[in-house]
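Report on the following structure.
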Amino acid sequence: MTARFTKFGFDEKERFMLFLIAPAAIVLACFEIIPILIGMNASFREWSLVNPQRTWVGPKQYIAVFTDPVFLKMVLPNTFVLTIVSVGVSLALGLALASLLNRPFFGRAVVRTIILLPLTIAPVITATMMRWSFNDQFGVITIFLSYLGLPDVAWLSDRWPSFALIIITDIWIWTPWFTIILLAAMQGLPPEPFEAARIDAATPWCIFRRVTLPMLRPVIIVCVLIRAIDAFRTFDQVWILTGGGPARSTEVFSVYAYVLAFVDLDIGRAAAAAGIGALIMLFVGVGLYRLVNRSMEVS
Amino acid sequence: MAEVILQDVVKKYGTFKVVHEVNLNIAAGEFVVLVGPSGCGKSTTLRMIAGLENISAGTIRIGDKVVNDLPPKDRDIAMVFQNYALYQHMTVFDNLAFGLRNRKVPETEIRSEVTRATQMLGLEPLLARKPFQLSGGQQQRVALGRCIVRRPQVFLFDEPLSNLDAKLRAQMRIEIKALRERVPTTSVYVTHDQVEAMTLGDRVVVMKDGWIQQIGTPLQIYNRPANRFVASFIGAPAMNFIGVELVEELGVMSAHAKDFKVELSLDQAAVLRKHGAKTVTLGIRPEHVRLGTPTNNTGSSFTGVVNVTEQLGSELVIALNVGGSTIMASRISPETEVSPHARVQMWVDGKELQLFDDKTEIAIR
Amino acid sequence: MISFALHTLRRSIFAISIAAIFVVFVGPIAILGVTSIRPASGVFYIWRGTNFTLNNFVEVLHQSQVVQAMWNSFVLSTLATILSLSITIGSGYMLSRFGGWIQRSWFATIYIFRTVPYISWVLPLYLVNTRLGIYDTYVGLLLPHIAVHVCFFSWLMKGFFDGINPSMEYAALIDGCTRWGAFCRVALPAAMPGIAALAILCWLSTWNEFLFALILSGKRTPLITSTMAQFVTETGTEWNLMSATAVLAMMPALLVTIFGQKYVIRGLRM
């Protein structure tokens, strides 16, 4: 029996497994794990980009972040509102669109192509596009709204309109993602339960509620998990649309850390903010993962 | 051709044992079938012989080599998989040649080996096709061909016919049987289908929950099942089991249940007396439950109420209610007129009965 | 009669919804497109006037920074795709085909590091890159871009291999292949369609990536997204030029959507 084990303590299969993951693991270690450790180290230091003294200051930076009114009143609520609203609305719209498209009709291929666009175009471009369409003076949408007789909205000069614009952009980008995945899932469902429901004289809404949704549940849960993790770290759209403004009122967590590092040039505090975000995500992520596993077992 | 010997082979996943100390000697050229319900460890055993699973303890020998630590490629075996496992991106010819090319066989020899196999299996017109252009039966034939060209020491079959429809399965079964004659090679064949086990195997190994239940020729397994599980697993319709009380009167032992009484033979009585139990389980093959009155002096008759009849054309199967328990009778002449709910007289021959211990379920002999 | 009316109503609602999808998803892109071919004076109120011009594109393409940024992004995306896929194929294959503690710990690692927000490691990466002197160079951009794909694409690859029955590889093992041989000669060819789909996704996501570009690239090695962002946040008024740049930057996306649609959908579904 011992012949199977070498001096490394791994058998032939385990060595092959390690060999397969080795390149990925090395890259991950060097360019993700080590930087994260460096960041954690930096978060306990006074570390300015212009004057890197790197004095150890203990948890001072964390305390500073947690007592920063911008972080508490703007960043945290913004991040969570963005995550929850964007994921929720895109999921709802995605379900609606997927059910709409889950039938043959003339031009379906065209529609499917169109809804792929938001996914393939860079968020930076999308945000630019939105910024231009919602421009307070010449934006097509602003002008269209005033044609309808609605009051002018200065989209980018107040907190909530700016934030709404961020959320709208995010929903515009991610609704198609939900649509495509859910549409694929719907097309993969077995037809028998739907036929049985129709024979049982169920209304379309009832079929959707009682048959489609429960069968899609595993897919929906995984989608929400993936999306929630990504929505939490949204940066591109916010940075291009508002830059966190006006008056830092639309900053989300990634923008906050970026501003600390590259506007205030305070790497130490930025690292602390980033660390807090990572910790929150770790809890949320592991929690969600447990939830997913449990719901998968149930279904 | 080589013998395959399994000695105390164990497979554990973590602390969970899926295969318990398997001991099995397969002679060179022998065709052995491992049969059992799903999860009984038969596939795992096969995969351990193939080297696709590590063994947790014990030894496996192929020929005179211990192969415990050899990777599959060095064991000189060939395997047919349930889903054929053809290489989807290669033509039939390349599929057949793949194993030989890996072994650096000269191309001319490969060509002649492939020709031999394709002629044997009728694959000539398909050589240039890709697997997805073949029917299930054709794919399985290619998978067989892949084994033949290699001329390995051992063939391993992992439920090769279970993806085919019933008609094709019967046909392929015959082809495999015919192939055995033309390419005699030690073979281990895993199936959950008792018909395949009975028709193909020189010897059959019945497994359950990781334990070998019985090893024997098909007839031994059928006629002298080692325990109640083997008796119930082999044979269709399944064997009838009745819990009976043993009564001895004037030197004659008989088995009693409600509305049911069978006289046992002297040999059986002697064995049971030695065994000592007062109640045992009686096993009766459905074909041994006959309609009418006994035609010999060891028969005992009883009556039952017809529940359901199944007309198969070649035979009639009757499900009877005898004192609350169901007894199946098969091989009744299909012309027989039996109406449901009728009370009919049946008989069984005491000599044809199997006896099992109530608790251990082991055959009493 | 009522049922006929109901039917018509349903059909109109359906048609209106489809039209709405068109307007919502094509509208902003169309506005951008129209703006990009308007002269500077015609940018405002873009639906009035009939002056169209390609001068914006000419002007943008004369700016060496834009051309250089597009070239850099192209090279970076291509290299990152090749390298990321070559390291994640093995990792995904391992996750799909094997079990035991090594597989479980690797899966957990990947999951955990996927949840870590990018900003938490790009910030210190900026320090690392400046220290190593690879800030604003190809190498300094390429390696993090590969690392960013490790977790997600290993996960996608696992899902993809999960959909391929492993018995083909078992057959190859028995037919005389080593584990490595079975992986290369049987599993990889079978996985090719999925890998192509992932390659497209990977290329696009590198091309579109912004945060890394913003922090790790500068004047020497500009990337297209960070160059665009500079336009928007710093100049912010030359909408015709900005739109022309944006249209150029979205060309790969448009091409992929039109010609590689099948692959994009397959990649997303995994």
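The trypsin sites (Lys or Arg not before Pro) of the stretch B:108-174 meeting both criteria, a DSSP state outside H, G, I, E and B (loop) and at most 16 other C-beta atoms within 10 angstrom of the site's C-beta, are B:R129. Kindly work out what percent of the DSSP beta bridges joining two residues of the stretch B:4-227 are antiparallel, to the nearest 5. Restricted to the stretch B:4-227, the bridges split so that about 50 percent are antiparallel.
Rounded to the nearest Hz, the phi-derived 3J(HN,Hα) couplings of the stretch B:186-200 under the Karplus curve 6.51 cos²θ - 1.76 cosθ + 1.60 (θ = phi - 60°) are 4, 9, 10, 10, 9, 7, 10, 9, 5, 5, 4, 4, 5, 7, 8, where x marks glycine and proline.
In percent, rounded to a whole number, the relative contact order of the stretch A:1-137 is 8, using alpha-carbon pairs under 8 Å and six or more apart. Taking a ≥ b ≥ c as the square roots of the Cα gyration tensor eigenvalues, with a/c under 1.5 meaning rounded and otherwise prolate when a/b beats b/c, else oblate, which class fits chain C? Taking the square roots of the gyration eigenvalues as a ≥ b ≥ c, chain C is oblate. The residue list A:V263, A:V89, A:I143 was ranked by how far each Cα lies along the charge dipole of the stretch A:65-298 toward its positive end, using unit charges on Cβ atoms, and A:V89 comes out on top. Report, in whole Å, the centroid distance computed from the Cα atoms of the stretch A:138-205 and the stretch B:253-285. Each part's Cα centre sits 76 Å from the other's. Of the residues A:A122, C:T53, B:I77, the one whose Cα sits farthest toward the positive end of the charge dipole of the protein assembly as shown, with +1 on the Cβ of Lys and Arg and -1 on the Cβ of Asp and Glu, is C:T53.
Checking the a/c ratio against 1.5 first, then a/b against b/c, what shape does the Cα gyration tensor give for the stretch B:240-357? It comes out prolate by the Cα gyration axes. Cross-link partners for B:K167 among the lysines, with Cα-Cα distance under 21 Å and sequence neighbours closer than 8 places in the same chain left out: B:K177. Sorted fewest first by neighbouring Cβ atoms within 10 angstrom, B:L126, A:L189 come out as A:L189, B:L126. Computed from backbone phi with θ = phi - 60° and the Karplus coefficients 6.51, -1.76 and 1.60, the 3J(HN,Hα) list for the stretch C:195-206 is 5, 4, 4, 5, 4, 4, 4, 5, 4, 4, 5, 6 Hz; x is used for glycine and proline.
Amide H to amide H, with H built 1.01 Å from N, B:F31 comes under 5 Å of B:S187, B:D202, B:R203, counting only residues 5 or more places away or on other chains. Straight-line reach from B:K42: taking Cα to Cα under 19 Å and skipping same-chain neighbours fewer than 8 places apart, the lysines in range are B:K11, B:K12, B:K17, B:K208. The shape of chain A comes out oblate: with a ≥ b ≥ c from the C-alpha gyration tensor, a/c is at least 1.5 while a/b does not beat b/c. Close amide H contacts of B:M79 (hydrogens built in the peptide plane, cut-off under 5 Å, sequence separation of 5 or more or a different chain): B:L156. Computed on chain C, with alpha-carbon pairs under 8 angstrom and 6+ residues apart, the relative contact order is 31 percent.
Neighbour counts of other Cβ atoms within 10 Å put C:I82, A:I168, C:I89 in the fewest-to-most order C:I82, A:I168, C:I89. A cut-off of 5 Å between modelled amide H atoms, ignoring neighbours fewer than 5 places along the same chain, links B:I332 with B:L316. Rounded to the nearest 5, the antiparallel percentage of DSSP beta bridges internal to the protein assembly as shown is 80%.
Starting from the coordinates of the alpha-carbon atoms of the stretch A:61-219, obtain the Kirkwood hydrodynamic radius over all distinct pairs and give the value in Å to one decimal. Across the stretch A:61-219, the inverse of the average 1/r is 18.7 Å.
Our note on the geometry: Cα centres of the stretch B:107-123 and the stretch B:307-336, 50 Å apart. Comparing A:F105, B:T15, B:N223 along the charge dipole axis of the protein assembly as shown, the residue lying farthest to the positive side is A:F105, per the Cβ-charge model. What you get for the protein assembly as shown, charging only the Cβ of Lys and Arg (+1) and of Asp and Glu (-1), is a dipole of about 700 debye around the Cα centre.
Across the stretch A:85-90, coupling constants 3J(HN,Hα) worked out from phi with the 6.51/-1.76/1.60 Karplus curve, θ = phi - 60°, read 5, 4, 5, x, 5, 4 Hz, and Gly and Pro carry x. Give me the aspartates and glutamates in straight-line cross-link reach of C:K219: C-alpha distance below 19 Å, same-chain residues under 8 apart excluded. Excluding near neighbours in sequence, the set is C:D136, C:E209, C:E234. This model, with +1 at the C-beta of Lys and Arg and -1 at the C-beta of Asp and Glu, gives the stretch B:163-305 a dipole about its Cα centre of some 220 debye. The residues A:V292, B:V114, when put in order of fewest to most other Cβ atoms within 10 Å, stand as A:V292, B:V114.
A short reminder: the numbers here are calculations on the coordinates, not readings from a lab. Fair warning: this is a prediction, and the values are worked out from it, not measured in the lab. Cβ: placed from backbone, ideal geometry, glycine included. Neighbour counts: every protein chain shown.
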